[in-house]
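Here's the structure we're looking at; comments come further down.
The values are calculated or read from the model by the stated rules, or taken from the named source; none is laboratory data. Since the structure is predicted, the reported quantities are computational estimates derived from the model, not experimental observations. When we count neighbours, we look across all protein chains shown, and the Cβ atoms used for this are built from the backbone with ideal geometry, even at glycine. Areas reflect the complete protein model, heavy atoms only, side chains present, ligands, DNA and RNA absent. Shrake-Rupley method; radii C 1.70, N 1.55, O 1.52, S 1.80 Å.
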Amino acid sequence: MVQVCLNGPRTAADGTAVPLTPESMADSAADAVAAGATDVHVHPKTPCGRDTLSPRVLAETLSAIRARVPVPVPVGVTTGAWAEPDAAARLERVRSWADPPVLPDHASVNWHEPGAEEVAALLLDLGVGVEAGIWSGTEGAERFAASPLGPKVRRVLAEVTDTDPSSAVDSARGLLSDLGAAHGRPVLLHGEDGGAWPVLRLAGRLGLA
């Protein structure tokens, strides 16, 4: 499985190529799926280009992307704490996605963030698949290993935060070692910036998503 991450937390300050509107995200998703991506991860944005958990923006973004990609292709979103720093408010935002129900197929939950267990449990109750975001350089792997929700997540999103192409692969191997059995869940190895291609090639060699 190859997942395309359309934009991440980037803003207009990162360049004009970053898709920030629902329409540009849909265009980017369609191009990526045509090139071979089988899963989509996106960060819905406010009109000023900031990540948001707003149900209105979520609905607009999901509708635009789903109109452009084939029905079997799942579309997921972030629940990153930077989009809503207050853990209780973040939980209420996610709860609001169900009324009226416009839900993503899956959502990433960063296990090192405050409130991660509660957000993941709520998503599971809503019928949304959970990607357990385990970042290198955090306590995420340790917390996930002790989590009763571990066996229930859709997959582990092993996020290599090392962006140096000369060291990202070693960081990725270290993260995978920290994850261990990962509750038997599938692992998607995720690189970024300068580390993206080296980590992608490593995933291919290891037979990981």
Charge dipole magnitude, Cβ of K and R +1, D and E -1 - region 1-79, Cα centre, debye nearest 20: 160
Grab the other residues whose beta carbon is less than 14 angstrom from that of P9, score K and R as +1, D and E as -1, and report the net. -4
For the chain, with the dipole built from +1 on Lys and Arg beta-carbon atoms and -1 on Asp and Glu ones, taken about the Cα centre, which of G129, T46, W82 lies farthest toward the positive end? G129
Specify which residue in the list P70, L188, P104 is farthest towards the positive end of the charge dipole of the chain, using unit charges on the beta carbon of Lys, Arg (+1) and Asp, Glu (-1), about the Cα centre. P70
Just the accessible area for C48, please: 1.4 Å probe, Å², rounded to the nearest 10? 100
By accessible area (1.4 Å), largest first, V18, V2 order as V2, V18
Taking only protein heavy atoms and a 1.4 Å probe, the highest-to-lowest accessible-area order of K152, K45 is K152, K45
What fraction of the Cα pairs in region 105-208, stated in percent, has a spacing above 20 angstrom? 34
Cβ-based net charge around P19, under 15 Å, with every Lys or Arg adding one and every Asp or Glu removing one: -2
Would you work out the charge dipole size for the chain about its Cα centre, treating the Cβ of every Lys and Arg as +1 and the Cβ of every Asp and Glu as -1, and quote it to the nearest 20 debye? 480
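If we count every other residue with Cβ under 11 angstrom of G140's Cβ, Lys/Arg +1 and Asp/Glu -1, where does the sum land?
Local charge sum for G140: -4.
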Full-extension gain between A121 and A13, please, as 0.36 nm times their residue separation minus the C-alpha to C-alpha distance. 35.4 nm
Share antiparallel - DSSP beta bridges, the chain, percent rounded to 5: 10
Roughly how many Å² is the accessible area per residue of the chain, as a whole number, for a 1.4 Å probe? 46
Give me the accessible area of T78, 1.4 Å probe, in Å² rounded to the nearest 10. 10
Accessible area in the full protein assembly, largest first, 1.4 Å probe, for S96, S147: S96, S147
With every protein chain left in place, what is the accessible area of T16 in Å² (1.4 Å probe, nearest 10)? 150
With r defined as the distance between the Cβ atoms of A145 and R95 and R0 fixed at 30 Å, what FRET efficiency is calculated, to the nearest 0.05? 0.65
